[in-house]
1. Tell me yes or no: at least one residue of the stretch 88-104 is modelled with pLDDT under 90 and either over 30 Å from Pro120 (Cα atoms) or among the polar types (S, T, N, Q) (or both).
2. Working carefully through the options Ser212, Ser262, Ser235, Ser257, find the one that is in the same structural domain as Met194 (by TED's automatic domain parsing), of a type in the set (Ser, Thr, Tyr) and surrounded by fewer than 19 Cβ atoms within 10 Å (Cβ to Cβ).
3. In the stretch 190-204, what count of residues is obtained for those that are more than 26 Å from the chain's Cα centre (by Cα) and either in a helix (DSSP H, G or I) or of a type in the set (Ser, Thr, Tyr) (or both)?
4. Considering Thr214, Thr146, Thr204, which residue is polar (S, T, N, Q) and closer than 24 Å to Glu103 by Cα?
5. Against the conditions (1) in contact with a Lys or Arg (Cβ under 6 Å, 6 or more places away or on another chain); (2) at pLDDT below 85; (3) among the β-branched types (Val, Ile, Thr), where does Ile291 fall short? Just the number, please.
6. Quick one: Lys64 ticks every box in (1) more than 29 Å from Ile421 (Cβ to Cβ); (2) surrounded by 19 or more Cβ atoms within 10 Å (Cβ to Cβ) bar one, so which box is it?
7. Taking the conditions exactly as written (buried (at least 20 other Cβ atoms within 10 Å of the Cβ), more than 14 Å from Cys14 (Cα to Cα), in the same structural domain as Val12 (by TED's automatic domain parsing) and not basic (Lys, Arg)), does Leu127 satisfy them or not?
8. Take the residues in the stretch 73-124 that are polar (S, T, N, Q) and assigned to a helix (DSSP H, G or I); name whichever of them is surrounded by the fewest Cβ atoms within 10 Å (Cβ to Cβ).
Amino acid sequence: MLNTMKRFIALVDCNNFYVSCERLFSPSYIDKPVVVLSNNDGCVISRSNEAKLLGIPMGAPYFKFQALCKRHKIIAHSSNFELYGDISRRVMATLEAFVPSIEIYSIDEAFIDLTGIADPLAFCVMLRGKVMLWTGIPVSIGLSYTKTLAKAAGEVAKKSENGVFGLLHEEDINLTLQALNINKVWGIGNQWGMKLELKFGIRTAYDLKLASATFIRKHFSVVIERIIYELKGLSCLELEEIETKKSISSTRTFGRSVSELSELREAIASYTANAARKLRRQNSKAYGIYIYIRTDRFRDTTQHNKGKLIELTYPTSDTGALISAAIKGLEAIYKRGFQYKKAGVVLLDIVRENYLQRDITEEYNVERGLRSAALMEAVDELNKKFGKRLVQHAAEGVKKEWKVKADLLSPRYTTRWDELINVY
């Protein structure tokens with residue numbers, strides 16, 4: 001074992017996560033080919049192993065493979081992000097119950113610090129079993145001394161029998177890195193990978209490990225220098241705490257083209273309400289909101305793509321105030337006669353909730369702020385307890401015919417009372 005390596009870092013990765021969530025409430029899907037589609041049922045974004053073997057590529061346009069799906073009885077579902085998000089929270093809560101330090105890297109991945117645990121490999125086997133028992137989601141766990149090596153170990157873990165793999169010895173590390181293409185190294189990607197290969201002949205992760213960190217930094221950046229040290233077993237990337245986002249966006253492609261201002265108002269109001277919830281979740285307020293609308297760039301017609309920034313007198317997380325500002329911006333950029341395909345809002349100039357800068361022309365009304373905070377807290381609690389969007393602003397609309405196409409949507413089993421699974 002390398003005596004320079006003292007930390008133990010593991011990457012927990014949910015296997016084919018969206019498909020696993022669908023199988024959780026439909027056990028008949030187990031061992032059958034299943035795919036999950038992107039917004040508007042456009043592309044394949046998650047595949048079961050059975051679907052992969054049948055030749056369904058990741059990112060494949062669904063309409064091109066519908067015949068294949070029908071021929072092999074491949075089960076397809078629209079993205080059910082409400083369900084996936086809730087299951088993800090349960091998986092992460094399970095991990096947090098067993099480990100002192102965790103970095104939630106994505107909806108289906110988390111780094112955990114196992115430093116100080118006597119037998120980290122056995123601990124990973126135990127942890128994988130607990131996640132499966134408590135949530136029903138299968139995970140793979142890669143273990144090593146740095147985040148970059150743990151990521152590489154995770155790729156091997158996905159193919160191992162027990163779903164756990166450790167890169168803990170120099171020989172194993174080198175063999176794994178020799179088989180890992182430079183493009184697949186965490187943090188490198190295709191663009192940097194191509195440059196490293198063409199300019200310096202670095203084709204594998206092992207080649208990068210042997211490269212001079214100082215030399216590579218001169219030609220690239222400190223980011224790749226740190227990756228080299230990580231591949232050598234020297235931890236340079238700490239587990240990151242959840243930071244306050246400096247901007248929050250909510251944007252969607254419509255299920256069909258939208259031309260009426262009334263429908264665009266509903267969409268913008270709905271997106272703003274979604275962004276405001278995220279804003280309050282991180283205990284922040286926003287000083288500005290950017291609104292934009294887009295026509296379909298793939299259609300051979302005159303395009304109309306406009307955006308508008310609305311600056312607020314004082315920072316707020318009040319949904320009503322933000323919706324009013326957003327609609328004001330929309331009305332300033334809307335133009336009749338165009339078929340819009342996409343719209344979005346971005347909350348900007350975000351500050352902490354307790355931050356307050358008084359305006360020189362208008363004294364901030366403290367009582368109004370307290371009422372607003374109490375109202376938003378009540379709305380968030382009701383929606384959290386009884387279902388998302390139980391209470392919403394009238395401006396968000398009811399029918400929402402502009403919404404994303406999701407013809408193959410499964411029930412939201414864990415977040416909607418009226419969609420709870422029935423057991424007979």
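The values are calculated or read from the model by the stated rules, or taken from the named source; none is laboratory data. Source: prediction; values computed, not measured. Note that we place each Cβ from the backbone using ideal geometry, even for glycine, and neighbour counts take in every protein chain shown.
1. Checked the stretch 88-104: at least one residue is modelled with pLDDT under 90 and either over 30 Å from Pro120 (Cα atoms) or among the polar types (S, T, N, Q) (or both).
2. Ser212
3. Of the residues in the stretch 190-204, 8 are more than 26 Å from the chain's Cα centre (by Cα) and either in a helix (DSSP H, G or I) or of a type in the set (Ser, Thr, Tyr) (or both).
4. Step by step, each of Thr214, Thr146, Thr204 is checked, and only Thr146 is polar (S, T, N, Q) and closer than 24 Å to Glu103 by Cα.
5. Ile291 satisfies every listed condition except (2).
6. That leaves (2) as the condition not met.
7. no
8. Ranking the qualifying residues of the stretch 73-124, first place goes to Thr94.
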